[in-house]
Amino acid sequence: MDIVLRQLSSADGVDVYEMLQRMPEEEHHFSNPVCQMSFGQYREWLREQDGWSRGEGLPEGYVPQTLFWLYVDGAPAGMGKIRHELNESSRLVGGNIGYAIDPLMRGRGLGKEILRQLLVKASEMGIGEVLLTIDKDNPSSKAVAESNGCFVVGENEERWFLTVE
């Protein structure tokens, strides 16, 4: 299997759009705003997200974030995001890294792989301490994080808080 992590580009095409249509609008606090968008709206969203990665045009209360696509054998199979910094809200829900795998590609270890690659990217971006927040109704995601060297540093009734050294 050829697995590559690619940063979002404003030129991304219909293959990514179709994958995003298969993914839930929200799952375990990971949002997919492209779900049910028209292709034209998706193209505008790509331009907006490209700007957000540089801190341009951010809505109030948002922090810069960069989106990535996981490609397997040349086809998009997942999406990930890295928040460059945290605010009060993202410290409680979301953390620095979030990811989701195309429902058609689940059960192949791709969650572990996309998180591994996102952790490398976060380090390359100079993000010193990475925080992940994982809903307690998603223990498989906690196992994926722990398999990538993350460990629990706190928890509340709803989620675990993990970091990596």
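Things worth noting here:
- Residues being assigned to a helix (DSSP H, G or I) and open to solvent by less than 40 Å² (accessible area, probe 1.4 Å) - total across segment 129-165: 3
- Qualifying residue in segment 143-161 (condition: under 26 Å from residue 13 (Cβ atoms) and of a type in the set (Ser, Thr, Tyr)): no
- Among residues of segment 108-165 being of a type in the set (Asp, Glu) and under 29 Å from residue 1 (Cα atoms), the one that is nearest to the chain's Cα centre (by Cα) is 113.
- Top-ranked residue of segment 108-128 - restricted to ones that are in a helix (DSSP H, G or I) and open to solvent by 60 Å² or more (accessible area, probe 1.4 Å), ranked as nearest to residue 27 (Cα to Cα): 112
- Residues in segment 143-159 that are among the polar types (S, T, N, Q) and touching a residue at least 24 places away in the same chain (Cβ under 8 Å): 2 in all.
- Members of segment 82-104 found to be in a strand (DSSP E or B) and open to solvent by 20 Å² or more (accessible area, probe 1.4 Å), listed by number: 83, 99
- Selection count where residues are in a helix (DSSP H, G or I), open to solvent by 50 Å² or more (accessible area, probe 1.4 Å) and not hydrophobic (A, V, I, L, M, F, W, C), scope segment 1-20: 2
- Being farther than 27 Å from residue 59 by Cα, modelled with pLDDT of 95 or more and of a type in the set (S, T, N, Q) holds for only one residue in 148, 96, 138, and it is 148.
- Some residue of segment 29-41 being open to solvent by 90 Å² or more (accessible area, probe 1.4 Å) and more than 22 Å from residue 122 (Cβ to Cβ): yes
- Residue check, residue 23 of a type in the set (A, V, I, L, M) and open to solvent by 90 Å² or more (accessible area, probe 1.4 Å): no
The values are calculated or read from the model by the stated rules, or taken from the named source; none is laboratory data. These numbers come from a predicted model, not from an experiment. No Cβ is skipped: glycine too gets one built from the backbone with ideal geometry, and neighbour counts run over all protein chains shown. Heads up: the accessible areas ignore ligands, DNA and RNA and are worked out on the full protein's heavy atoms, side chains in. Shrake-Rupley method; radii C 1.70, N 1.55, O 1.52, S 1.80 Å.
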